[in-house]
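The values are calculated or read from the model by the stated rules, or taken from the named source; none is laboratory data. Quick caveat, the model's predicted, so the values are computed rather than measured. FYI the Cβ positions are ideal-geometry reconstructions off the backbone, even for glycines, and counts take in every protein chain you see. Ligands, DNA and RNA are stripped out before the accessible areas are found, and what is left, the full protein with its side chains, is counted by its heavy atoms. Shrake-Rupley method; radii C 1.70, N 1.55, O 1.52, S 1.80 Å.
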Amino acid sequence: MIRERIDALRERMIEKNIDVYYIPTADFHQSEYVGDYFTARKYMSGFTGSAGMLIVTKEKAGLWTDGRYFIQAENQLKDSGIELYKMGLEGVPTISEFILNEIPENGTVGFDGRVVDAKFGKMLEDKLKKKQAKIIYEEDLVDKIWSDRPAISAKPAFLLDVKYAGKSREDKLEELRKDMQSFGATTFICTTLDDIAWLFNLRGDDILYNPVVLSFACVTMKNAYLFVNEACISDEIREAFKTANIEIRAYEEIYTYVSNIKEDEVVLLDSNKVNYKITRLINDKVRIIV
């Protein structure tokens with residue numbers, strides 16, 4: 001079954017002219033824990049550990065994981081055609097080293113840019129220049145193979161009362177804007193779910209044991225935006241957010257929003273957490289503080 005999935009992935013890589021395809025364990029927010037929709041690495045490799053990265057080339061397949069999972073990975077990868085790379089051991093190449101070794105001149109690395117953090121993506125981008133290779137980040141090839149993939153979680157969100165939160169969302173936004181000013185930033189992009197939950201006094205149930213809502217946030221000196229599945233948002237939340245001048249927009253609209261940020265804006269973000277696709281869509285002339 002795993003061999004068949006790898007073969008199917010390679011067929012799609014050939015269709016898209018991709019030489020190396022990278023599948024991390026991540027959601028669109030670089031969360032420590034992920035929902036069922038985001039278990040693409042598990043689906044493609046059969047390895048069920050919480051941490052691991054899969055790389056597939058036209059001839060090789062490798063899985064990287066840490067010492068917690070060496071024995072488990074060896075057992076689960078048996079007869080899959082996927083080689084285990086034990087992270088941290090002498091002689092074991094890193095993800096970027098392996099990619100650079102395997103990519104041909106003028107080749108192409110592919111991944112879903114929504115599940116790769118901007119810092120790693122930019123580092124890989126710079127290294128690939130040595131071989132005049134490029135990155136295609138718009139392709140979620142696993143989605144084309146995984147016919148019964150679970151839906152992205154969309155459970156109802158709820159407000160956290162200020163008596164538990166400690167401060168109102170209005171006060172938190174005011175403090176955030178003061179910090180933005182100290183950095184000289186005019187726009188703040190936040191994609192970490194616990195930070196968004198804190199900032200807006202909002203809670204949810206989209207990740208097991210984590211009271212968060214799948215969402216993105218952007219804050220300017222005058223406005224605040226929450227990008228979220230609107231089906232999760234009640235009238236009570238809408239009213240509370242309207243009072244705080246927080247606008248609710250569709251989850252995927254974050255990508256349109258960032259692509260329209262004006263050239264004279266200064267954007268503050270965490271490149272370890274914001275996904276690669278977001279940063280790639282920001283106009284090159286916009287100054288980004290990371």
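Just a few scattered comments:
- Output for segment 28-48, where each listed residue is touching a helix residue (DSSP H, G or I) at 6+ places or on another chain (Cβ under 6 Å), of a type outside the set (Ser, Thr, Tyr) and open to solvent by 20 Å² or more (accessible area, probe 1.4 Å): GLY46
- Here HIS29 fulfils each of the conditions (1) part of a loop (DSSP other than H, G, I, E, B); (2) within 14 Å of ARG5 (Cα to Cα) apart from (2).
- Selected residue (only one of ASP148, ASP195 is acidic (Asp, Glu) and not in a helix (DSSP H, G or I)): ASP148
- Only one entry in CYS232, CYS218, CYS190 is in contact with a Pro (Cβ under 7 Å, 6 or more places away or on another chain) and not aliphatic (A, V, I, L, M), namely CYS232.
- Across segment 272-286, the qualifying residues are those that are open to solvent by 20 Å² or more (accessible area, probe 1.4 Å), under 16 Å from the mean Cα position of the chain (by Cα) and not hydrophobic (A, V, I, L, M, F, W, C), and the one among them that is farthest from SER215 (Cα to Cα) is ARG280.
- Only residues that are closer than 15 Å to LYS222 by Cβ and within 20 Å of the chain's Cα centre (by Cα) were counted across segment 244-256, and they come to 0.
- Remark: pairs (first residue in segment 60-71, under 14 Å from GLU83 (Cα atoms); second residue among the acidic types (Asp, Glu) and modelled with pLDDT of 95 or more; Cβ separation under 8 Å; 6+ apart in sequence or on different chains) = LYS60/GLU83; LYS60/GLU102; ALA61/GLU83; GLY62/GLU83; LEU63/GLU83.
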